[in-house]
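Working notes, beginning with the structure itself.
Since every read-out is calculated from the coordinates, none of them should be taken as a lab result. Predicted model, so just to flag it, every value in this text is computed and none were measured. Positions of Cβ are backbone-derived with ideal geometry, glycine not excepted, and every protein chain shown enters the neighbour counts.
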Amino acid sequence: MRLDPLNNRPLFIVGIVIAVLAFLSIFKIGGSVGPVQIKRIDLFSDVLPNKKDCKRSINNDLAAKNGTSPAGVHEVRETGQNERAAASNTLIISFAGGQSGSLDSFFEELRRTEKDGGKVRIAYFGDSIIEGDLITHDLRKNLQKSFGGSGVGFVPVTSATAVARGTIHHRFSDNWQVLALHPRPKNEAKLGISGFTFLPRSDQAVTGSFGGLKTERFKHSWTEYTASALSENTHPFRVVKLYYGPSNEPAFAKYTLDGEVEHTIDLCGDDVVQEAVISNNGPVNKVRIDFFARGQAPVYGLSFEDTRGVYVDNFAIRGYSGLTLDRIPGQIYSGFDRFLRYRLIIVHYGINVAGFTTKQEFNWYRKQMAAVLGHLKNAFPGASFLVISVNDIGHRDNMETVTKPSIPLLVEAQYNIARETGAGFWNLFNAMGGENSMADWAAGQRPLASKDLTHFNPRGAKKIADLLTKALLEEYEAFKARREHSGSSKTSPAKNIRAAR
């Protein structure tokens with residue numbers, strides 16, 4: 001008997017519909033085609049494992065500590081960290097022995113500043129995430145509002161992003177010789193704390209005399225800084241200090257404050273880091289310095305500050321991983337610390353190793369960065385340390401923006417770097433919303449991140465700074481509560497007897 005084709009038409013239509021739905025499900029097609037809206041569907045959601053279940057949760061990664069056990073949470077509690085940090089996505093986790101926290105020495109100095117009007121300095125090492133004073137500007141502004149201070153802190157002699165930095169206006173001659181830590185350092189021994197050193201270059205006849213010298217030919221370069229009216233803590237300049245290195249041949253600098261009387265500084269000396277006070281009473285709105293040298297006279301940068309309060313120094317290097325910070329000699333770091341007395345070192349890298357894909361690569365990264373932190377801890381013995389994780393980085397998976405697969409592994413590695421070195425750890429990935437959060441930050445009429453799904457814009461940087469400030473101040477309040485409780489528990493025997501009655 002011959003089948004009627006018309007009787008098979010329903011089966012044929014059903015087959016076509018199933019094939020189309022399967023195609024849409026497999027390739028995650030959605031959106032609109034002209035006036036037609038296509039809703040993203042998943043035909044196989046009930047028969048295939050959930051993709052998110054297949055991915056290890058970042059919280060499970062951190063708790064498991066490389067997959068061994070959930071002992072990480074217990075270890076945090078045993079080290080005196082408040083249990084709320086173990087369960088929170090935004091608080092700082094502390095890894096320190098006994099009942100003290102990783103940041104306690106920093107908080108103790110902050111308490112003295114709050115009480116007696118001292119000075120606290122923070123070094124913030126990072127990559128292009130903080131370039132142009134992003135994040136650090138708003139962190140500095142927040143802390144100075146709470147604890148006093150004004151000024152942007154350390155600024156290098158030249159900068160590739162000077163035009164983009166709104167917290168200080170910066171011009172300089174184009175003839176400086178720049179030694180840089182990244183990408184290929186030639187002489188690490190001469191590098192400054194920022195990863196850069198600047199040498200005056202080009203010959204120019206200098207009239208008059210200096211130090212008994214008659215007219216000589218000196219290398220000459222200049223730099224100029226003007227206070228920015230961006231916010232009340234960026235202007236005017238109050239205290240201005242110059243940092244420079246050793247020079248065995250004649251070298252000097254001439255500077256003016258607001259274009260008035262010219263002053264001269266002798267730059268000769270043997271110490272690897274030297275300081276000269278340009279202004280100590282302000283107010284000043286413009287500083288210009290001309291440098292003259294017969295040989296090599298390394299100049300590191302200037303600091304703009306006040307006599308009290310909190311200062312955050314931005315040490316950004318574009319395209320950098322942080323893996324070679326230990327190439328800068330410890331005596332250079334220590335030389336700066338002798339003058340600047342850092343009490344908190346923040347280490348914030350990651351976007352330039354997000355291309356790693358294997359556990360072996362991230363294990364290598366963890367070991368290398370742990371060694372870097374060890375080098376820094378030896379150089380800054382009075383400082384607390386805080387590791388900040390990489391942020392979420394998005395990428396396109398078909399038509400969907402999702403978290404780059406390497407990010408959970410990278411955050412886990414950074415968590416373990418902090419754990420192994422006794423540093424604090426702040427999970428920026430979780431603080432901004434966790435998995436797939438960058439898609440939301442980069443979307444909308446007023447996005448918080450750029451279209452590269454990696455970097456924050458100024459609005460996003462401010463939000464990150466506000467989250468970090470909140471986390472730091474909450475831990476600071478917890479520190480003061482612990483300190484007060486510890487002090488009140490040390491009562492006299494008589495008080496103990498009365499309490500027992």
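Go ahead and collect, in residue order, the members of the range 273-294 whose backbone nitrogen is under 15 Å from a label point 7 Å along the Cα-Cβ direction of E260. In the range 273-294, the label zone of E260 (backbone N under 15 Å from the point 7 Å along Cα→Cβ) covers 278-288. Taking the number of Cβ atoms within 10 Å of each Cβ as an exposure proxy, the fewest-first ranking of R217, R288 is R217, R288. Using each residue's phi in the range 409-421, evaluate 6.51 cos²θ - 1.76 cosθ + 1.60 at θ = phi - 60° and report the 3J(HN,Hα) Karplus result to the nearest Hz, with x for Gly and Pro. Once θ is set to phi - 60°, the couplings for the range 409-421 become 5, 5, 4, 4, 4, 5, 4, 6, 4, 5, 4, 6, 9 Hz. Residues whose amide H comes within less than 5 Å of that of A96, counting only those at least five positions distant or on another chain, are S102 (H built at 1.01 Å from N in the peptide plane). When only alpha carbons of the range 154-307 are considered, Rg and Dmax amount to 15.2, 46 Å. Phi-derived couplings, Karplus 6.51 cos²θ - 1.76 cosθ + 1.60 at θ = phi - 60°, listed residue by residue for the range 290-301: 9, 10, 10, 8, 6, x, 8, 10, x, 10, 9, x Hz, with x used for Gly and Pro. Given the pairs K377/K480; K115/K480; K141/K470; K141/K463; K115/K470; K119/K286, which are separated by over 18 angstrom at their Cα positions? Beyond 18 Å between Cα atoms: K377/K480; K115/K470; K119/K286. Once all Cα-Cα distances of the range 254-368 are split into 10 Å bins that start at 0, what whole-number percent is in each one? Computed distribution, short to long bins: 9, 31, 31, 19, 9, 2, 0. Measuring spread by the Cα atoms of the range 367-407 yields a radius of gyration and Dmax of 16.6, 50 Å. The range 355-455 has equivalent-ellipsoid semi-axes of 29, 16, 9 Å, by the square roots of 5 times the alpha carbon gyration tensor eigenvalues, sorted largest first. In plain terms, the chain from Q177 to T401 could stretch by 76.4 nm, reckoned as 0.36 nm per residue minus the Cα-Cα distance.
Dividing the mean sequence gap of close Cα pairs (under 8 Å, 6+ apart) by how many residues the range 111-200 holds gives a relative contact order of 20 percent.
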